[in-house]
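Read through the structure below, which is laid out as structure tokens, and then see the notes.
What follows is calculated from the coordinates using simple rules that are stated; it is not laboratory data. These figures come from a predicted structure and were not determined experimentally. Neighbour counts are summed over all protein chains in view; Cβ atoms, including those assigned to glycine, are modelled from backbone coordinates with ideal geometry.
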Amino acid sequence: MADDQFPGWHGTTIIGVRKGGEVVIAGDGQVSLGQTVIKGTARKVRRLSPGGYDVVAGFAGSTADAFTLLERLESKLEATPGQLQRASVELAKDWRTDKYLQKLEAMLIVTDGAELYVITGAGDVLEPEHDVTAIGSGGNYALAAARAMMDTDKSAEQVARDAMAIAADICVYTNGNLTIEKIGG
């Protein structure tokens, strides 16, 4: 597929790592417009606290689209407190069937410390098999690096940091300015 078909999907890296009772979501800070870096310190990982229920979400894609999805997720979580899977499935259903939401170009990684999911506009709510997931242009690099480190003594946070550093060295749309949020540990 050509880059111009999905322009928002090629400009960031977000990783989620679950290890040792801790879940970390890390994201880089680069915002690119074509081949130009517009900003290097954007926050693409956010903490949501609907009704005191702690959730961390990271996004890749269009910022405005991602914020719309995060607001929807927060309202789903308020309607189903403590049920991240149910809220995620409800968001994915709406995203897939609502004519307005269908046009949104973003992906989310979400966690409540127990569960870890990737939510897509195709209606997917995916739980990683190896306790690591990544999205964005450098996602595959970060995912491979993190998977290689999962059997080491490194903490979830250190695995995420090191994997993001490797992705930033390889992917021109990813930088080393990280935002990291964790739950547990």
Candidate lysines for bridging to LYS76, where Cα separation is under 24 Å - those fewer than 8 sequence places away on the same chain excluded: LYS44, LYS93, LYS99, LYS103, LYS182
Rounded if a/c under 1.5, otherwise prolate or oblate - the stretch 3-173, Cα gyration tensor axes: oblate
The chain - charge dipole about Cα centre, Lys and Arg +1 at Cβ, Asp and Glu -1, debye rounded to 20: 280 debye
For the stretch 157-184 and the stretch 42-98, distance of Cα centres in Å: 22 Å
Equivalent ellipsoid semi-axes - Cα gyration tensor, the stretch 97-185, angstrom: 24, 17, 11
Top of LEU33, LEU91, LEU126 by mean-square fluctuation, Gaussian network on the chain, Cα under 10 Å: LEU33
Burial ordering of THR36, THR80, THR174, fewest other beta-carbon atoms within 10 Å first: THR36, THR80, THR174
Sorted by Cβ density within 10 Å, fewest first, the residues ILE15, ILE38, ILE135: ILE38, ILE135, ILE15
Farthest positive-ward along the chain dipole, Cα basis, beta-carbon charges - from SER32, ALA168, VAL118: SER32
Computed FRET value (nearest 0.05) for GLN83 with GLN158, which takes r as the C-beta separation and R₀ as 25 Å: 0.25
Ranking of ASP98, ASP28 by count of other Cβ atoms within 10 Å, fewest first: ASP98, ASP28
